[in-house]
1. Residue under question is Gln159, and the condition is that it be among the polar types (S, T, N, Q), out of contact with any Phe, Trp or Tyr (no Cβ under 9 Å at 6 or more places or on another chain) and not in a helix (DSSP H, G or I); does it hold?
2. Exactly one of these conditions fails for Ala106: (1) surrounded by 14 or more Cβ atoms within 10 Å (Cβ to Cβ); (2) of a type in the set (A, V, I, L, M, F, W, C); (3) within 22 Å of the chain's Cα centre (by Cα); (4) more than 14 Å from the ligand (Cβ to nearest atom). Give me its number.
3. If we keep just the residues of region 164-174 that are of a type in the set (D, E, K, R) and touching a residue at least 40 places away in the same chain (Cβ under 8 Å), which is surrounded by the fewest Cβ atoms within 10 Å (Cβ to Cβ)?
4. Might you let me know whether region 284-299 holds any residue that is under 20 Å from the mean Cα position of the chain (by Cα) and within 16 Å of Pro180 (Cβ to Cβ)?
5. Look through region 286-305, keep the residues that are acidic (Asp, Glu) and part of a helix (DSSP H, G or I), and return whichever of them is surrounded by the most Cβ atoms within 10 Å (Cβ to Cβ).
6. Restricting to region 114-161, give me the number of residues that are over 28 Å from Arg232 (Cα atoms), within 16 Å of the ligand (Cβ to nearest atom) and of a type in the set (Asp, Glu).
7. Could you give me the residue pairs with C-beta distances under 8 Å whose first residue belongs to region 66-79 and is without any contact (Cβ under 8 Å) to a residue 24 or more places away in the chain, whose second residue is within 13 Å of the ligand (Cβ to nearest atom) and outside any loop (DSSP other than H, G, I, E, B) wherever it lies, and which are 6+ apart or on separate chains?
8. If Glu101 satisfies all but one of (1) buried (at least 17 other Cβ atoms within 10 Å of the Cβ); (2) under 19 Å from the mean Cα position of the chain (by Cα), what's the number of the condition it fails?
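A short reminder: the numbers here are calculations on the coordinates, not readings from a lab. Predicted model only: the values in this text are computed from it and were never measured. Reconstructed Cβ throughout: ideal geometry from the backbone, glycine too, with neighbour counts over all protein chains shown.
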Amino acid sequence: MSKRALVTGAGGFIGHHLVKYLVDRGYWVRGVDVKEPEYEWTSAHEFELLDLRRRDNCLVACQGIDEVYHLAADMGGIGYITAVHAEITSNNVLINTHMLEAASRAKVERYFYSSSACIYPAYLQDSADITPLKEADAMPAEPEEGYGWEKLFTEKLCQYYKEDHGLEVRIARFHNAYGPFGTYDGGKEKAPAAISRKVALIQDGDDIEVWGDGQQTRSFMYIDDCVEGIYRITQSSVSEPLNLGSDRMVTVDELVDIIANAAGKTVRKQHDLTKPQGVRGRNSDNSKLADLLSWEPSVTLEEGLAITYRWIESQLAAEGRISQPAKVG
Ligand SMILES: NC(=O)c1ccc[n+]([C@@H]2O[C@H](COP(=O)([O-])OP(=O)(O)OC[C@H]3O[C@@H](n4cnc5c(N)ncnc54)[C@H](O)[C@@H]3O)[C@@H](O)[C@H]2O)c1
């Protein structure tokens, strides 16, 4: 009989891809979210609209489930998570505490929790040329206000549920996932999608607005690597948090250049220093992941961003905001 998986946040970016991945592997999948997927219908066998801030809904979601992949969260790009601390933190505390309790009561075999690189201390990320962050760097803590504090708290709560109730928890700290079917407009989009949209909307040689001075650094992981990593971590025997990200660090200006190249456009960058840019530098140290799983993300930024750019461009064309792009290849 096929295993039964619950994917929370199945109406969101990573959850949508993970549902497909698990269905392809032969799982029976229940997807849960407060909203339906925005751009393409889900491949889940069952999809329920449930608000997971309520414990009764979490109990319903976990019923009859073998493996929980918990991705639901109130989140967005740097503009969003730096603007609304109280709401994000309290929503996520409710979702995460109720989900852990419900999964524990349902006696699920595995519980995957999606944490974030935002749990790492600001004092280790104050220069662009940063030392990649190791898992042990999380303490002493100085995470991102709101969103990061809540993720760190929930990592601890996962550990306590393992110690006190034997729940088999698995935790990944994602570093910037991107790809098709991610939000690209409206305020919750992240840098790769926002820049792709801006580049798609201009004529060759025009200006785009870039947040900050463009010298802030990050690493970016393509969605196929992200879902593969989630699955491998969940099936592993490692219950402490693991980084899941690319360890190729680029500046935001370099990110713009790679996207402009994928678009075949020359872009002039207008830096806006009044916009939030988050920590100055951040990169993932993958040595623990590679040691323990003999695997790490491998899709190059050039490959991943070219696919993502084409998808966003075709979305904008379908919305009538640009003319239909010429077919490539
Ligand atoms: N995308 C990244 O780069 C990244 C980085 C670090 C961590 N993460 C974490 O990975 C997970 C998935 O992220 P994503 O990029 O797919 O985000 P997303 O916003 O696309 O998906 C999250 C989903 O959770 C749903 N949700 C929010 N509140 C809910 C509620 N009360 N009940 C039920 N569903 C609710 C949203 O509707 C959304 O569809 C999140 O936990 C996020 O914090 C993502």
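1. Working: among the polar types (S, T, N, Q): yes; out of contact with any Phe, Trp or Tyr (no Cβ under 9 Å at 6 or more places or on another chain): yes; not in a helix (DSSP H, G or I): no.
Here the answer is no, as Gln159 does not meet what is asked.
2. If we test Ala106 against (1) surrounded by 14 or more Cβ atoms within 10 Å (Cβ to Cβ); (2) of a type in the set (A, V, I, L, M, F, W, C); (3) within 22 Å of the chain's Cα centre (by Cα); (4) more than 14 Å from the ligand (Cβ to nearest atom), just (3) comes out false.
3. Going through region 164-174, the residues of a type in the set (D, E, K, R) turn out to be 164, 168, 170, 173.
Now restrict to residues that are touching a residue at least 40 places away in the same chain (Cβ under 8 Å): 168, 170, 173.
On the way: Glu168: 16, Arg170: 25, Arg173: 25.
Top of the filtered list is Glu168.
4. yes
5. Here is the first cut: in region 286-305, the ones acidic (Asp, Glu) are 291, 296, 302-303.
Cutting the leftovers down to part of a helix (DSSP H, G or I) gives us 291, 302-303.
Details: Asp291: 9, Glu302: 11, Glu303: 13.
If we take residues in region 286-305 being acidic (Asp, Glu) and part of a helix (DSSP H, G or I), then Glu303 is surrounded by the most Cβ atoms within 10 Å (Cβ to Cβ).
6. Going through region 114-161 one residue at a time, the tally reaches 1.
7. Asp74/Glu87; Asp74/Ile88; Asp74/Asn91; Asp74/Asn92; Asp74/Ile95
8. Status for Glu101: all satisfied but (2).
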